[in-house]
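Engineer: Starting off with a structure, shown below.
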Amino acid sequence: MDSFARRLLAWFDEHGRHDLPWQREATPYSIWVSEIMLQQTQVSTVVPYFERFMCSFPAIDDLARADLDDVLAHWSGLGYYARARNLHRAAQRIVDELGGELPATVVELMALPGIGRSTAGAIVALAHGRREPILDGNVKRVLARYHGIEGWPGTAAVLKKLWRFAEQHTPSSDVAAYTQAVMDLGATLCRRGDPACERCPVRRGCRAARDGRQAELPSSRPRRSRRQRRVHVLLVRDDAQRVLLERRPATGIWGGLYSFPEIPSDTDAESWCGRNLNADVRGRRALPPIAHSFTHFDLTIEPTLLELGADSSVVMDRPEWLWYKPAMKSELGLPAPIAALLENVFDRSELCE
DNA sequence: AAACCGTGGAC
DNA sequence: TGTCCAAGGTT
């Protein structure tokens, strides 16, 4: 075992995190679920989602049997919803084709949707204690600083170096503890901003600490201008105060979740309603646009509120449509901004007249 | 290879 | 307020 791993393990015993929800009664399944939820998502955000998810789907069979809508509802607000669809699909494949047990090798795990090399390594190391490296955001930051690796860790060349060091440092014994230790070091001491080098167990060998370059490593992502998108949506409300929601396609933003129906920018709201809904429109009001800033693009939602007449019983229906009532919310997969907009529709007096 | 996929924390 | 980005993976 090299000195990096040895010092890290000693530090972890006293200062590491040992009481996270997925660390008690840890099973391959619970570790898998936690690793998927933790992808690009901070621990404090994941905790309540993990508790609710494991309560509703305590074992792989429960997840495999569940409706995708129910799984997406549990994921509402967490983001990156392909993770939930992949998790559900993988659970079904495990139950149907793999005897109901999560595979225990990196190669087999990576064959499942949503599991890449790092997540596969984490499952093998944490659940089975077998020697496999991981390379998540924490490890990238720790290793980039410790070895003074230049360049943004999104490029293949930098990743290759990082993986080699990750493999080199991973010990053959105490793999589970080491894996948790590296992540804890990155999360609690070797933070992105204001790293606590004076308390770091591996400061002695750290290139960045020696050169005072902690703030410059790892190099940040190249800047990129964000794309602008404008979307026109309809808030169709009938006289029973129900609102029309539409299930979005499985690919793209908010895939598989419910949102308001989008209409082409050059289409008039009432003509769309006449063609698609076959209902009579009693009132129409343009609502103020809502701006959202995502990582890769800026989205402006331009909502139009349509009130249907009392004879709205003649409205057409489609499989992707759902007439929403407030009580249904907890069972629905809703994007956070759409959930917020719905709250306004039903709670704000200006809209409820 | 580079773009895409969400949300909230931190500064 | 805007910007960066986090227990990454897929296309």
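The values are calculated or read from the model by the stated rules, or taken from the named source; none is laboratory data. Fair warning: this is a prediction, and the values are worked out from it, not measured in the lab. A quick note on method: Cβ atoms are made from the backbone with ideal geometry, for glycine too, and the neighbour counts reach across all protein chains shown. These accessible areas exclude ligands, DNA and RNA; they are computed on the full protein's heavy atoms, side chains included. Shrake-Rupley method; radii C 1.70, N 1.55, O 1.52, S 1.80 Å.
Engineer: Taking the condition of being among the hydrophobic types (A, V, I, L, M, F, W, C) and surrounded by fewer than 17 Cβ atoms within 10 Å (Cβ to Cβ), how many residues in the stretch A:324-338 meet it? Before you say what the answer is, go through the steps one by one.
Structural biologist: Going through the stretch A:324-338, the residues among the hydrophobic types (A, V, I, L, M, F, W, C) turn out to be A:327-328, A:332, A:334, A:336, A:338.
Restricting the remaining residues to those that are surrounded by fewer than 17 Cβ atoms within 10 Å (Cβ to Cβ) gives A:327-328, A:336.
So the answer is 3.
Engineer: Then there's this: Can you find, within the stretch A:22-40, the residue that is most open to solvent (accessible area, probe 1.4 Å) among those that are assigned to a loop (DSSP other than H, G, I, E, B) and near DNA strand C (Cβ under 8 Å from one of its atoms)? Break it down stepwise before answering.
Structural biologist: Our first condition is that a residue be assigned to a loop (DSSP other than H, G, I, E, B); within the stretch A:22-40, this holds for A:24-27, A:38-40.
After this cut, where a residue has to be near DNA strand C (Cβ under 8 Å from one of its atoms) as well, the list is A:38-40.
Details: A:LEU38: 42, A:GLN39: 52, A:GLN40: 161 Å².
The qualifying residue most open to solvent (accessible area, probe 1.4 Å) is A:GLN40.
Yes/no matrix, rows are residues, columns are (1) away from DNA strand B (no atom under 16 Å from the Cβ); (2) open to solvent by 30 Å² or more (accessible area, probe 1.4 Å); (3) over 26 Å from A:TRP75 (Cα atoms):
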residue	(1), (2), (3)
A:LEU244	yes, no, no
A:ILE263	yes, no, yes
A:TRP272	yes, no, yes
A:VAL281	yes, yes, yes
A:ALA286	yes, yes, yes
A:PRO303	no, no, no
A:LEU306	yes, no, yes
A:ALA310	yes, yes, yes
A:ARG318	yes, yes, no
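Engineer: Can you find, within the stretch A:104-123, the residue that is nearest to A:TRP163 (Cα to Cα) among those that are away from DNA strand C (no atom under 12 Å from the Cβ) and among the aliphatic types (A, V, I, L, M)? Spell out how you get there, then give the answer.
Structural biologist: Filtering the stretch A:104-123 for residues away from DNA strand C (no atom under 12 Å from the Cβ) gives A:104-105, A:107-108.
Filter again for among the aliphatic types (A, V, I, L, M), leaving A:104, A:107.
Values: A:ALA104: 21, A:VAL107: 16 Å.
Of everything passing the filter in the stretch A:104-123, A:VAL107 is nearest to A:TRP163 (Cα to Cα).
Engineer: Still on this structure, I have one more. Search the stretch A:184-203 for residues being within 25 Å of the chain's Cα centre (by Cα) and in a loop (DSSP other than H, G, I, E, B), and hand back the single one that is nearest to A:PHE12 (Cα to Cα). Spell out how you get there, then give the answer.
Structural biologist: As a first pass, look at the stretch A:184-203 and keep what is within 25 Å of the chain's Cα centre (by Cα): A:184-193.
Checking which are in a loop (DSSP other than H, G, I, E, B) leaves us with A:190-193.
Working: A:CYS190: 14, A:ARG191: 16, A:ARG192: 19, A:GLY193: 21 Å.
Here the residue is A:CYS190.
Engineer: Looking only at the stretch A:79-95, decide whether some residue is among the basic types (Lys, Arg), under 30 Å from A:HIS292 (Cβ atoms) and either within 14 Å of DNA strand B (Cβ to nearest atom) or at pLDDT below 95 (or both).
Structural biologist: Going through the stretch A:79-95, the residues among the basic types (Lys, Arg) turn out to be A:83, A:85, A:89, A:93.
Now restrict to residues that are under 30 Å from A:HIS292 (Cβ atoms): A:83, A:85, A:89.
Within this subset, residues satisfying the condition of being either within 14 Å of DNA strand B (Cβ to nearest atom) or at pLDDT below 95 (or both) are A:83, A:85.
Yes: one or more hits.
Engineer: Here's another thing I want to ask about it. Can you name the residue in the stretch A:288-301 that is over 19 Å from A:PRO249 (Cβ atoms) and surrounded by fewer than 13 Cβ atoms within 10 Å (Cβ to Cβ) and is also farthest from DNA strand B (Cβ to nearest atom) among such residues?
Structural biologist: A:PRO288
Engineer: For A:GLN214, which of the numbered conditions (1) at pLDDT below 95; (2) more than 11 Å from DNA strand B (Cβ to nearest atom); (3) among the polar types (S, T, N, Q) fails to hold?
Structural biologist: Single failed check for A:GLN214: (1).
Engineer: Hey, can you tell me all the residues within the stretch A:77-99 that are in contact (Cβ under 8 Å) with a residue 24 or more places away in the chain, over 17 Å from the mean Cα position of the chain (by Cα) and open to solvent by 20 Å² or more (accessible area, probe 1.4 Å)?
Structural biologist: A:GLN92, A:VAL95, A:ASP96
Engineer: For the stretch A:41-76, name all the residues that are closer than 21 Å to A:ALA120 by Cα, more than 16 Å from DNA strand C (Cβ to nearest atom) and open to solvent by 20 Å² or more (accessible area, probe 1.4 Å).
Structural biologist: A:PRO58, A:ALA59, A:ASP61
Engineer: Residues of the stretch A:115-138 being outside any loop (DSSP other than H, G, I, E, B) and of a type in the set (D, E, K, R), which ones? Give the steps one after another, and end with the answer.
Structural biologist: Here is the first cut: in the stretch A:115-138, the residues outside any loop (DSSP other than H, G, I, E, B) are A:117-128, A:137-138.
Once the filter is applied, which keeps residues that are outside any loop (DSSP other than H, G, I, E, B) and of a type in the set (D, E, K, R), the stretch A:115-138 yields only A:ARG117.
Engineer: Taking the condition of being in contact with a Leu (Cβ under 8 Å, 6 or more places away or on another chain) and over 17 Å from A:VAL71 (Cα atoms), how many residues in the stretch A:231-252 meet it? Break it down stepwise before answering.
Structural biologist: Step one: list which residues in the stretch A:231-252 are in contact with a Leu (Cβ under 8 Å, 6 or more places away or on another chain), which gives A:231, A:234-239, A:243-248.
With the extra rule that they be over 17 Å from A:VAL71 (Cα atoms), the set shrinks to A:231, A:234-239, A:243-246.
So the count comes out to 11.
Engineer: Quick check on this structure: which one of A:ALA240, A:ALA250, A:ALA215 is in contact with a Ser or Thr (Cβ under 9 Å, 6 or more places away or on another chain) and exposed (fewer than 13 other Cβ atoms within 10 Å of the Cβ)? Outline the logic, then answer.
Structural biologist: Working: A:ALA250 fails: in contact with a Ser or Thr (Cβ under 9 Å, 6 or more places away or on another chain); A:ALA215 fails: in contact with a Ser or Thr (Cβ under 9 Å, 6 or more places away or on another chain).
After ruling out the rest, the residue left standing is A:ALA240.
Engineer: Still on this structure, I have one more. Is there any pair with a first residue in the stretch A:259-277 that is within 15 Å of A:ARG237 (Cβ to Cβ) and a second that is open to solvent by less than 30 Å² (accessible area, probe 1.4 Å) and in a helix (DSSP H, G or I) whose Cβ atoms are under 8 Å apart and which are 6 or more apart or on different chains, and what are they?
Structural biologist: A:PHE260/A:ILE338; A:PHE260/A:LEU341; A:PRO261/A:ASN276
Engineer: Among residues belonging to the stretch A:163-179 that are assigned to a helix (DSSP H, G or I), more than 16 Å from DNA strand B (Cβ to nearest atom) and open to solvent by 20 Å² or more (accessible area, probe 1.4 Å), point out the one that is nearest to A:ARG213 (Cα to Cα).
Structural biologist: Taking the stretch A:163-179 as the starting set, the residues that turn out to be assigned to a helix (DSSP H, G or I) are A:163-169, A:175-179.
In the following step, the residues that additionally are more than 16 Å from DNA strand B (Cβ to nearest atom) were identified as A:164-169, A:175-179.
Of the ones still in play, those that are also open to solvent by 20 Å² or more (accessible area, probe 1.4 Å) are A:164-165, A:167-168, A:176-177.
On the way: A:ARG164: 22, A:PHE165: 19, A:GLU167: 24, A:GLN168: 23, A:ALA176: 30, A:ALA177: 28 Å.
Of everything passing the filter in the stretch A:163-179, A:PHE165 is nearest to A:ARG213 (Cα to Cα).
Engineer: Consider the stretch A:23-78. How many of its residues are modelled with pLDDT under 95 and acidic (Asp, Glu)?
Structural biologist: Of the residues in the stretch A:23-78, 1 are modelled with pLDDT under 95 and acidic (Asp, Glu).
Engineer: Just one of A:ALA181, A:ALA250, A:ALA209 is within 18 Å of A:ASP2 (Cβ to Cβ) and under 27 Å from the mean Cα position of the chain (by Cα); which is it? Full working, then the answer.
Structural biologist: Values: A:ALA250 fails: within 18 Å of A:ASP2 (Cβ to Cβ); A:ALA209 fails: under 27 Å from the mean Cα position of the chain (by Cα).
Answer to the check: A:ALA181.
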